[in-house]
Amino acid sequence: MSVKIAVAAPFKHMRKDRLQRSEFVFYIAIDRKWMNKEQANQLLERAKAEGLIEMDSGIIRPLFDVAEVSIPLGFKPTSDILVTKSPYEEMIGRITAATGKSPQEVVAELHQVVDHFDGNLLVEAAVVVLAKKYGVPFEDKLDSLEREILKKR
């Protein structure tokens, strides 16, 4: 969620619905001193990969309602938001938290699900099956799981 907040901040502060890449980087790196220029550009790439922004000819447009994002007082993103976890890993983490099982146990059970389908089920689909079994929310990850599958093809 902090990626979304970090991306929304320049748009909200400047009261614009579109920003040039240089304006965005300036706000993040120079004005707020949250990151260096390279990290600000990485943040843009991560936001694009997550479907939060659209970039066209150096113009950035958010693909979400910026007005709905609340920026906490004193908000400062850390470089941790630049580390990308796959949606598969995030779902493993959610299932682990919900069941109290270790990640290794969850992955082992996941492979049992795949084996049950004679190996014809992708792990991204199997993780959804497990999430459903344990009542773990997964709907917010369906699009990113689907993108992971399409990347593999």
Legend entry - Fraction in percent of alpha-carbon pairs per bin - 10 Å, the stretch 2-82: 19, 61, 19, 0
Inset, instruction - Show the residues, 5+ positions off or on another chain, whose built amide H is closer than 5 Å to the amide H of Ile53. - result: Lys48, Leu63
Legend entry - C-alpha center-to-center spacing [the stretch 87-119, the stretch 1-53] in angstrom: 34 Å
Legend entry - Relative contact order for the chain, counting Cα pairs under 8 Å that sit 6 or more residues apart, in percent: 19 percent
Inset, instruction - Using DSSP to define loop residues, name the chymotrypsin sites (Phe, Trp or Tyr not before Pro) in the stretch 80-153 whose beta-carbon has at most 12 other beta-carbon atoms within 10 Å. - result: Phe117
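I need to check one value: relative contact order of the stretch 2-82, counting alpha carbon pairs closer than 8 Å and at least 6 residues apart, in percent.
Value for the stretch 2-82: 38 percent.
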Inset, instruction - Enumerate the amide H contacts of Gln20 below 5 Å, restricted to partners 5 or more residues apart or on another chain; note that Pro and chain-start residues carry no placed amide H. - result: Ile60
Inset, instruction - Identify which of Leu82, Leu19, Leu121 has the largest mean-square fluctuation in a Gaussian network model of the chain, with springs joining Cα atoms closer than 10 Å. - result: Leu121
Inset, instruction - Just rank Met91, Met14, fewest to most, by other beta-carbon atoms within 10 angstrom. - result: Met14, Met91
Legend entry - Read-out Rg and Dmax of the Cα atoms in Å, derived from the coordinates shown; its label in [x] 14.9, 48; [y] 20.9, 71; [z] 18.4, 55: [z]
Legend entry - Residue-count net charge about Ser144 - beta-carbon cut-off 14 Å; Lys, Arg +1, Asp, Glu -1: 0
Inset, instruction - Go ahead and collect, in residue order, the members of the stretch 58-97 whose backbone nitrogen is under 17 Å from a label point 7 Å along the Cα-Cβ direction of Asp31. - result: 59-62, 66-67, 69-77
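Which net charge results for the neighbourhood of Ile30, defined as the other residues with beta-carbon distances under 12 angstrom from its beta-carbon, given Lys and Arg at +1 and Asp and Glu at -1? Intermediate results must be reported in sequence, preceding the final value.
Details: positive: Arg32, Lys33, Lys37; negative: Glu23, Asp31.
Summing Lys and Arg as +1 and Asp and Glu as -1 gives +1.
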Inset, instruction - Any of Lys12/Lys37; Lys33/Lys151; Lys12/Lys151 with alpha carbons more than 29 Å apart? Name them for me. - result: Lys33/Lys151; Lys12/Lys151
Inset, instruction - Stick to Cα atoms and the Kirkwood definition of Rh, then tell me Rg/Rh for the stretch 63-153. - result: 1.06
Inset, instruction - State the answer as a single residue: which of Gly135, Tyr88, His116 lies farthest towards the positive end of the charge dipole of the stretch 72-153, with beta carbon charges of +1 for Lys and Arg and -1 for Asp and Glu, about the Cα centre. - result: Tyr88
Inset, instruction - Kindly write out, for the stretch 64-79 in residue order, the coupling ³J(HN,Hα) from the Karplus curve 6.51 cos²θ - 1.76 cosθ + 1.60 (θ = phi - 60°), rounded to whole Hz, with x marking Gly and Pro. - result: 9, 7, 4, 4, 7, 8, 9, 9, x, 4, x, 4, 8, x, 9, 5
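Bear in mind these aren't lab numbers, they're just calculated from the coordinates by the rules spelled out. Remember, it's a predicted structure, so these values are computed and weren't measured experimentally. Positions of Cβ are generated from backbone atoms using ideal geometry, with glycine treated the same way; all protein chains shown enter the neighbour counts.
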